[in-house]
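Right, one structure below, let's go through it.
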Amino acid sequence: MIASFNSREECAVHFSVTFQTACNWFDGMCRPYGDIVDHATATLPRYTEIMRGK
């Protein structure tokens, strides 16, 4: 998520989640899962590449 967005606010808006949720993802307190990961894969061109470390 950090590599895909300029701010936590931008991330929250993109995924229709609260600012606090985006902060938790950025801070490593929890991770996105399920429908959020599906949405990220479909809408963030580099998501799969970044997550696979390639």
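The values are calculated or read from the model by the stated rules, or taken from the named source; none is laboratory data. These numbers come from a predicted model, not from an experiment. With ideal geometry, Cβ positions are generated from the backbone for all residues, glycine too; neighbour counts draw on all protein chains shown. Heads up: the accessible areas ignore ligands, DNA and RNA and are worked out on the full protein's heavy atoms, side chains in. Shrake-Rupley method; radii C 1.70, N 1.55, O 1.52, S 1.80 Å.
If you scan region 1-24, which residues turn out to be under 15 Å from Thr41 (Cα atoms), free of Cβ contacts under 8 Å to residues at least 40 places away in the same chain and part of a helix (DSSP H, G or I)?
Taking region 1-24 first, the residues under 15 Å from Thr41 (Cα atoms) are 1-5, 11, 14-15.
Adding the requirement that they be free of Cβ contacts under 8 Å to residues at least 40 places away in the same chain leaves 1-2, 5, 11, 14-15.
Those that are under 15 Å from Thr41 (Cα atoms), free of Cβ contacts under 8 Å to residues at least 40 places away in the same chain and part of a helix (DSSP H, G or I): Ile2, Cys11, His14, Phe15.
Those residues that are without any contact (Cβ under 8 Å) to a residue 12 or more places away in the chain and among the aliphatic types (A, V, I, L, M), I need them from region 25-54; list them, please.
Within region 25-54, Met29, Val37, Ala42, Met51 meet the criteria.
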For region 38-54, which residues satisfy the criterion of being more than 15 Å from Ala3 (Cα to Cα) and open to solvent by less than 90 Å² (accessible area, probe 1.4 Å)? His39, Ala42
